[in-house]
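Asks: Here it is, the structure in full.
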Amino acid sequence: MAKPLVAIIGRPNVGKSTFFNKMAGKRISIVDDLPGVTRDRIYADVEWLGRGLTLIDTGGIDPRSDDVLLSQMREQAQIAMDTADVICFFTDAREGLKDDDREVANMLRRTRKPVILVVNKMDHPGMQNHLYEFYELGLGEPIGISGVNMLGFGDLLDEIFRCLPELPPQDEEEEHTLQMAIVGRPNVGKSSLANRILGQKRTMVSDIAGTTRDAIDTLYVDEEGNSVNIIDTAGIRRKRAVEDETLERYSVLRSIAAIRRCDVAVLMLDAADGVTEQDTKIAGLIHDEGKAAVILVNKWDAVEKETGTLEKTRKKILSDLKFMDYCPVLFVSALTGQRVHTVLDQVRQVYAMARKRITTGVLNDVLNEATNALQPPMQGGRRLKIYYATQQGVCPPSFLLFVNDEKLMFFAYERYLENCFRKAFDFTGTPIRFILRPRKKEDGQS
């Protein structure tokens, strides 16, 4: 389930980043910072009372400045607002209500998104009267917090979750439409692929309003009645200069939003370029999100070939993306339509793998075979013991391993177990996760 996005918006120096960094760095039910995007974190996953969300930090909005960099920051903040489900509008209690706050408030009203008015730097109870002037903005009751002292964070989080849309009932899962996101660098042929798929054997196509101005959703239903929502995303560009860095973050953010809400990510590569550094970063986003994936090598028609070229290229790609070597690799030409008809079939196959469930008995038979074939590692005279396993979830398939000491599980042995599970159960195209849980002797194990 994709986490809702909450954007932190406001003029410069009102404490947005202080609040964000406190949330990202303190254990107020914080789960993880999402890795793999930029040197400076711009978003963090937060859990509060059993529900999760993603906070987005933005640069300060200066509505009046003609400075090129500040103008770009306004555009970037607008992108964050377009992407967000809820917007937290930060103001400064010490400085009071400013004309720039009024300008930002007008911007926020036009988004038609839920807006929570936050008055920051309320560092002690005696500042309570500073709240009243902010009612003038007409954005509802302001919530006073102190980002430095972490005062009022609980009230703010409660209000954020009150404004978020309700989660769909679990029994609606059977009506789920497969969500396929096409991601990659610019000019690798993402839109050409989407158009090629939508233009063949079309029985019903309807446009769905995109979640952002740079991700376009189109529902496609084939002649057999199988539906897929195709999410065509903007290309994730390589960071070229310091001035482009923040803009690049939001390019990534838009694609991350698409990756998070998809079931299967189609990572498009350019056959002429092979795997670039930026391709590796995008693949890392997909893998870190636990999404099933298909690697698509486009413009294959333009490559000079000889016997064995395709297989040699496949091996090279999987070697370069070794952390995703479980993914199928297809060679296509969106321009000519070569092998494009195989893409949706492959997407459905890897989605089935991501949803696969294994019974506990069969799972433990495979686990016992694996541990008998290669004993678990030892450290300091103690050997890792894996008592039993059970599947905890799907998308991605996740397995709970009960062990004597999770610190005795080395990466190499975990990788070995993953390979054993893949050999036994396939899991082509999907990552799998192991969750280690220590089980003490007093739990019944001698």
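The values are calculated or read from the model by the stated rules, or taken from the named source; none is laboratory data. Note that the coordinates shown come from a computational prediction; the quantities given were computed from them, not determined experimentally. In this analysis, Cβ positions are derived from the backbone assuming ideal geometry, glycine residues included, and neighbour counts consider all displayed protein chains. Surface areas here come from the heavy atoms of the whole protein model, side chains and all, with no ligands, DNA or RNA. Shrake-Rupley method; radii C 1.70, N 1.55, O 1.52, S 1.80 Å.
Asks: Where both residues lie in region 300-446, what percent of DSSP beta bridges are antiparallel, nearest 5?
Replies: Counting DSSP beta bridges with both partners in region 300-446, the antiparallel share is about 60 percent.
Asks: Could you tell me the ratio Rg/Rh of region 369-446? Both radii from Cα atoms, Rh via Kirkwood.
Replies: 0.97
Asks: Bin width 10 Å, alpha-carbon pairs only: give the P(r) of region 101-166 as whole percents, running from 0 to the bin holding the largest distance.
Replies: Whole-percent P(r) values from 0 Å outward: 19, 49, 29, 3.
Asks: Mind ordering 82-93, 392-403 by average Cβ neighbours within 10 Å, highest first?
Replies: Taking the mean over residues of other Cβ atoms within 10 Å, the ranking is 82-93, 392-403.
Asks: So, with a 1.4 angstrom probe, what is the percent of accessible area on region 293-441 that is carbon and sulfur?
Replies: The value for region 293-441 is 52 percent carbon and sulfur by accessible area.
Asks: Could you sort 305-314, 153-162 so that the peptide with the highest average Cβ count within 10 Å comes first and the rest follow in order?
Replies: Sorting 305-314, 153-162 by mean packing, highest first, produces 153-162, 305-314.
Asks: Another one. Given 10 Å bins starting at zero, what is the percent of C-alpha pairs of region 312-446 in each, up to the one with the largest pair distance?
Replies: 11, 35, 30, 15, 7, 2, 0
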